[in-house]
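The values are calculated or read from the model by the stated rules, or taken from the named source; none is laboratory data. All values reported here derive from a predicted model rather than from experimental measurement. Because the Cβ atoms are built from the backbone with ideal geometry, glycine has one as well, and the counts that use them run over all protein chains shown. Each accessible area value is taken on the protein alone, full model and side chains, heavy atoms only, with ligands, DNA and RNA left out. Shrake-Rupley method; radii C 1.70, N 1.55, O 1.52, S 1.80 Å.
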Amino acid sequence: MRTDMRLRDLSLRQDPDLRQELASLARGCDFVLPSRFKKRLKAFQQVQVQTKEQPPPPAPSQSVPAFYFPRGRPRDSVDVDAVIAKIERTFAQFPHERAALDDMGRVAKACGCPLYWKGPLFCGAGGERTGSVSVHKFVAMWRKVLQNCHDDAAKFVHLLMNPGCNYLVQEDFVPFLQDVVNTHPGLAFLKEASEFHSRYITTVIQRIFYTVNRSWSGRITCAELRRSSFLQNVALLEEEADINQLTEYFSYEHFYVIYCKFWELDTDHDLLIDAQDLARHNDHAISTKMIERIFSGAVTRGKKVQKEGKISYADFVWFLISEEDKKTPTSIEYWFRCMDLDGDGALSMYELEYFYEEQCRRLDSMAIEALPFEDCLCQMLDLVKPQNEGRITLHDLKACRLAHVFFDTFFNVEKYLDHEQKEQVSLLRESESEGPELSDWERYAAEEYDILVAEEAVGEPWEDGYEAELSPVDQKLSVLRSPLAQRPFFETPSGLGAVDLYECGCGDDDLQPL
């Protein structure tokens, strides 16, 4: 009777474990259950089986639309079949429907690409191995590109990158730039001087990474390329016959100035310079402490720096552009890395005093009274206005718009004195100027180029050894004295030349972030 009452109570309760209790009671009882409880127990067991076989459906969730497109946002308007048909019609005009490098300009136009994508398109289809590209191989390659890459940045990276990568390293740009050297009318005077091709290409590659590779990783990603103006400049190569007008990357005049400055310091002409050589730049304007920091590995890579205490021509390109224009993000990062002795991401008062001590000694040797460090520090803190008292961060320097004044105060005597002659209001007005005004680097390069050409025109001698071997002025290239004065006709391009990019001393380790 007691068991019967308990079963009746359990049947009335809404307990989730009711079925298990009934089953256990049934197993533990030594009497026969009434028929009504047997039916209820059987019904509960059936419900239990159905529950196990059909789990409850998951709660509905809202689908989030895709927002990350590493290869560009897909566009429905691209008619792949129409593009392929146009490419096939272009290839039909070539013998055996095979395109050589000379023909790739027409193919690039059929693909809807700028003219100077012809080199990457040729290499992307394997043309550098066979000397020509068949229509079938090119169509298969380009169809895959159109299906997987949805903007110009993703397409360009795909064409130049090594298999299995999703980024570009320095060597990847060599075939593209060699084709520019071979075929651009503004560089036709370099045709007979192949030894200068690698120097020019190295310079352009360093300028590309200086501006585009904002992560300092040695690897340019689609996102970095997309945020830069590089592809716009590549498109302008087709429209601008005067390559010197493309001052951001391709200007020959800028290369000429950089290479001449390096040649003056590289007395043994091995394309490597040591700390003593670099210290002679601009009549020893930069402090020895800063020269030591440059050679410490803070902003340089490669085995030559660590083992032999020398930097390459490629490193010098970064140094000279950073030295002559301290207003760009890369140059601010460059000098901040040098001044951040302990690498903690902030400049302490100790680090500032460390560099300022030598400035004071150099000013004293020039019979110029230097400000006490405390007074100089107050001026610099007022200039930068750091967010946290007692430490200056990279963000503070980028936000203050007078980072060039700050840096010159601590390691460049000549420019520091120039700034002292100007009022802070005028300095700020210069930094805030907008419009087509030249940057500090463009102004410096234009002035130095005019000086170099003028000196060559009057026949002034260069420093010892400058006219030997690969002098960029006299030997083999008399037209280099004033390339703008001569406009050679467009010549038939030769094949892609072999360029030893790392004759300037770089290695695989260079791909690691600093």
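With every protein chain present, what is the per residue accessible area of the range 344-405 (1.4 Å probe, Å²)? Walk me through the numbers before you get to the answer.
Details: 3420 Å² over 62 residues.
For the range 344-405, the per-residue accessible area is 55 Å².
Kindly state, to the nearest 0.05, the FRET efficiency for Lys327 paired with Ala140, given R0 = 56 Å and r defined as their beta-carbon distance.
Values: r = 47 Å, r/R0 = 0.84.
After rounding to 0.05, the efficiency reads 0.75.
How far apart, in nanometres, would the label points at Glu128 and Glu437 be if each is projected 7 angstrom from Cα along the Cα-to-Cβ direction?
Going by the 7 Å Cα→Cβ label model, 4.3 nm.
At a 1.4 Å probe radius, carbon and sulfur cover how many percent of the accessible area of the range 150-191?
Numbers: 600 of 1190 Å².
That share works out to 51 percent.
Full extension from Asp375 to Glu88: what is 0.36 nm times the residue separation minus their Cα-Cα distance, to one decimal in nm?
Details: separation 287, 0.36 × 287 = 103.32 nm, distance 7.28 nm.
My answer for the length gained is 96.0 nm.
Across the range 249-380, how many lysine pairs, 8 or more positions apart or on different chains, have C-alpha atoms separated by under 24 Å? Please give the number.
For the range 249-380, the number of qualifying lysine pairs is 13.
For the range 143-251, what is the accessible area per residue in Å² when the probe is 1.4 Å?
Numbers: 3610 Å² over 109 residues.
For the range 143-251, the solvent-accessible area averages 33 Å² per residue.
For His269 and Arg401 in the same chain, what is the full-extension length gain: residue separation times 0.36 nm, less their Cα-Cα distance, in nm?
Between His269 and Arg401, full extension yields 43.7 nm more.
Quick one: what are the phi-derived ³J(HN,Hα) couplings along the range 112-122, Karplus 6.51/-1.76/1.60 with θ = phi - 60°, whole Hz, x for glycine and proline?
For the range 112-122, the Karplus-derived couplings read x, 10, x, 4, 7, 7, 4, x, x, 5, 5 Hz, x marking Gly and Pro.
Per residue and in Å³, how big is the convex hull formed by the alpha-carbon atoms of the range 193-262? Show your work: numbers first, answer last.
Values: hull volume 7.3 nm³, N = 70.
Spread over its residues, the Cα hull of the range 193-262 gives 104 Å³ apiece.
Roughly what would the spin-label model give for Glu353 and Glu447, points 7 Å off Cα along C-beta, in nm?
Computed distance between label sites Glu353 and Glu447 equals 3.5 nm.
Pull up all non-local amide H partners of Lys310: gap of 5 or more, or a different chain, and H-to-H distance under 5 Å with H placed in the peptide plane.
For Lys310, the qualifying residues are Val305.
Taking the range 86-139, how much of its Cα-Cα pair set, in percent, is spaced more than 18 angstrom apart? Could you put the intermediate results ahead of the total?
Values: 206 of 1431 pairs.
Everything past 18 Å amounts to 14 percent.
Suppose R0 equals 25 Å; then what is the FRET efficiency for Val80 and Ala223 from their Cβ-Cβ distance, rounded to the nearest 0.05? Don't skip to the answer; put the middle values down first.
On the way: r = 25 Å, r/R0 = 0.99.
That gives a FRET efficiency of 0.50.
With Kirkwood's inverse mean 1/r over C-alpha pairs for Rh, give me the Rg to Rh ratio of the range 285-375, two decimals please. Intermediate results must be reported in sequence, preceding the final value.
Details: Rg = 14.4 Å, Rh = 14.4 Å.
Checking Rg against Rh, the ratio lands at 1.00.
For a quick check of your reading of the filter: which GluC sites (Glu not before Pro) in the range 280-370 sit in a DSSP loop and have no more than 14 other Cβ atoms within 10 Å?
Details: sites: Glu292, Glu308, Glu323, Glu324, Glu333, Glu351, Glu353, Glu357, Glu358, Glu369; in loops: Glu369.
In loop regions of the range 280-370 (DSSP not H, G, I, E or B), the sparsely surrounded GluC sites (Glu not before Pro) are Glu369.
Against the globular-protein guess of 2.2 N^0.38 Å, express the Cα radius of gyration of the range 168-324 as a ratio, rounded to two decimals.
Numbers: Rg = 16.1 Å, N = 157, 2.2 N^0.38 = 15.0 Å.
Scaled against compact globular proteins, the figure is 1.07.
Would you be so kind as to identify which of Tyr356, Ala367, Ala346 lies farthest towards the positive end of the dipole of the range 340-382, taking Lys and Arg as +1 and Asp and Glu as -1 on Cβ and the Cα centre as origin?
Of the candidates, Ala367 comes out farthest on the positive side.
For the range 317-458, with only Lys/Arg (+1) and Asp/Glu (-1) charged at the beta-carbon, what is the dipole magnitude about the Cα centre, in debye rounded to 20?
On the way: 13 positive and 34 negative charges, 82 e Å.
With only Lys, Arg, Asp and Glu charged at Cβ, the dipole is about 400 debye.
When all C-alpha to C-alpha distances in the range 263-421 are sorted into bins of 5 Å, what percent of pairs does each bin hold, rounded to whole numbers?
That works out to 1, 9, 18, 23, 20, 15, 8, 4, 1, 0, in percent per bin.
Given points 7 Å out from each Cα along the Cα-Cβ axis, report the Glu389 to Glu171 separation in nanometres with one decimal.
With each label point 7 Å from Cα toward Cβ, the separation is 5.4 nm.
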